[in-house]
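Data first, discussion second: the structure below is written as structure tokens.
None of the figures in this text is laboratory data; all of them are computed from the coordinates on show. The shown structure was predicted, so the numbers you read here are calculated from the model rather than taken from an experiment. Please note: Cβ atoms are built from the backbone with ideal geometry, for glycine as well, and neighbour counts cover all protein chains shown.
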Amino acid sequence: IVHMAQEIKDKSEKDYQEVYNAIAVKLREEDEFDGYIGYGPVLTRLAWHSSGTWDKNNNTGGSFGGTYQFQKESNDPSNKGLHNGAEFLAPIHKQFPWLSHGDLYTLGGVVAIQELQGPVIPWRPGRVDLPEDMTPDNGRLPDAVYGADYVRNFFKRLDLNDQEVVALMGAHCLGRTHLQNTGFDGPWGAASNTFTNEFFLNLLNENWKLEKNEAKNMQWNSPKGYMMLPTDHALIEDDKYMAYVKLYATNNDKFFEDFAKAFKKLLEGGITFPQSTPTYRFETLDSQGL
Ligand code: HEM
Ligand SMILES: Nc1cccc2nccn12
């Protein structure tokens, strides 16, 4: 299967910056969601989950077709809680009906990362809505209970290597786990809505204890009230992953640079873009003085 992005002839950078700004203003205004964490984290997770269904071996799934809009995909148990992000974006889709669902879900993640003071994520438009019968099966997203070998093998299907996997996992600096969504709890300490390299600093500096949580799942907890999933902790159990954890803990610029590249790659998995498609680097509200 080839997913060829369509050439968008009648929309300019200004039009897409207008969509970016509409999402960013709504994000700034609706700050009370999830105990004043806001919608940034769940929008980031929605962009990742709508892209993470891709299978490089047969080029099915991925962000191209916007199939998260169909219940078969949004009701995947792996997607529990993401409806909050989709409901946040619904009015944006009404305001800009020319934007495809695939472009909407991925752009939402770009806005979230950039407005939470993360790196600029280069982004290309042109994803095309696919019919419901092209929705990939459930079960393509990762479980949290396994170790390094599982993580490494899982991300091979998304064509992502050790360095890209560690960089991307840094997005777990955002938001929180919710017992009612995934059976993981915490952090009891302040959950963050600012994009930093603290995930890596916490991994290296906290005193982690493996404990059974209220949902009978094992998770790593620290005295300061932070938590890590088994798949998070796996990054300091494996020498190859550990080298990148240390790199990103000590070099925030390198983390930002590598995260931006890996997140773009994740959001574009399986898509062929025409040579003529521009790559947009959007301004944040702050940098526009808005
Ligand atoms: C081994 C791979 C991964 C696993 C097993 C995993 C698992 C999880 C789990 C269990 C949660 C808690 C969800 C909830 O209870 O509401 C979560 C949250 C989150 N994940 Fe991941 N994740 C993985 C990779 C990623 C990647 C690659 C990204 C983005 C680049 C990401 C971004 C997020 C964000 C932003 C949240 C917070 C969501 C919120 O606060 O509502 N995760 N993840
Ligand atoms: N915030 C958050 C979300 C998901 C996973 C995770 N591990 C450590 C922190 N964290």
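Some notes on this structure:
- Looking across 46, 27, one residue alone is farther than 27 Å from residue 289 by Cα, among the aliphatic types (A, V, I, L, M) and outside any loop (DSSP other than H, G, I, E, B). It is 46.
- Set side by side, the residues 151, 128, 111 differ, and just one is over 27 Å from residue 240 (Cβ atoms), out of contact with any strand residue (DSSP E or B) (no Cβ under 7 Å at 6 or more places or on another chain), touching a residue at least 60 places away in the same chain (Cβ under 8 Å) and in a helix (DSSP H, G or I), which is 111.
- Per the conditions (1) in contact with a strand residue (DSSP E or B) (Cβ under 8 Å, 6 or more places away or on another chain); (2) under 22 Å from residue 204 (Cβ atoms), the sole criterion not satisfied by residue 162 is (1).
- Of all residues making up the stretch 213-254, the number that are crowded, with 21+ Cβ neighbours inside 10 Å and part of a strand (DSSP E or B): 3
- Only listed residue being away from ligand 1 (no atom under 13 Å from the Cβ), among the aliphatic types (A, V, I, L, M) and in a strand (DSSP E or B), chosen from 210, 203: 210
- Enumeration of residues in the stretch 138-148 that are more than 16 Å from the chain's Cα centre (by Cα), more than 20 Å from residue 246 (Cβ to Cβ) and loosely packed, with under 15 Cβ neighbours inside 10 Å: 138, 139, 145
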